[in-house]
Amino acid sequence: MPPITVINNEYATLVYQPEQKIVYHTFHKPLTSAYFRQVLNTGAELFAKHQACKWLSDDRGSGALSP
């Protein structure tokens with residue numbers, strides 16, 4: 001079964017891989033706290049809904065986060 005892309009915009013991509021039950025995100029550039037929360041909250045919903053077992057993240061493009 002192919003990966004399911006849930007979010008794909010200029011800031012981030014969030015994908016669910018059903019066969020491996022993996023949620024993963026990639027940040028493409030520094031993002032606001034609202035986009036950051038959207039990706040993490042949506043990923044958490046996917047994780048619970050599909051009973052995923054792993055979450056991979058590529059945060060290299062995110063830059064520093066404010067407190």
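The values are calculated or read from the model by the stated rules, or taken from the named source; none is laboratory data. In this text the structure is predicted, and so the values were computed from the model without any measurement. We place every Cβ from the backbone using ideal geometry, glycine too, and count neighbours over all the protein chains shown.
Summary of values
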| read-out | value |
| --- | --- |
| Residue in region 46-57 that is without any contact (Cβ under 8 Å) to a residue 12 or more places away in the chain, surrounded by fewer than 17 Cβ atoms within 10 Å (Cβ to Cβ) and more than 10 Å from the chain's Cα centre (by Cα) present | yes |
| Residue count for region 42-65, restricted to those that are small (Gly, Ala, Ser) and either closer than 17 Å to VAL6 by Cβ or touching a helix residue (DSSP H, G or I) at 6+ places or on another chain (Cβ under 9 Å) (or both) | 6 |
| Search result, residues across region 1-36 that are closer than 15 Å to GLY61 by Cα and in a loop (DSSP other than H, G, I, E, B) | ASN9, GLU10, TYR11, HIS28, LYS29, PRO30, LEU31, THR32 |
| Residue that is farthest from GLU10 (Cα to Cα) [pool: residues in region 37-67 that are part of a helix (DSSP H, G or I) and of a type in the set (Gly, Ala, Ser)] | ALA48 |
| Lone qualifier among PRO18, PRO30 - being more than 9 Å from the chain's Cα centre (by Cα), at pLDDT 95 or above and surrounded by fewer than 17 Cβ atoms within 10 Å (Cβ to Cβ) | PRO18 |
| Region 23-43 residues that are in contact (Cβ under 8 Å) with a residue 40 or more places away in the chain and of a type in the set (S, T, N, Q), paired with ones that are assigned to a strand (DSSP E or B) and surrounded by fewer than 17 Cβ atoms within 10 Å (Cβ to Cβ) (beta carbon under 8 Å, 6 or more apart) | none |
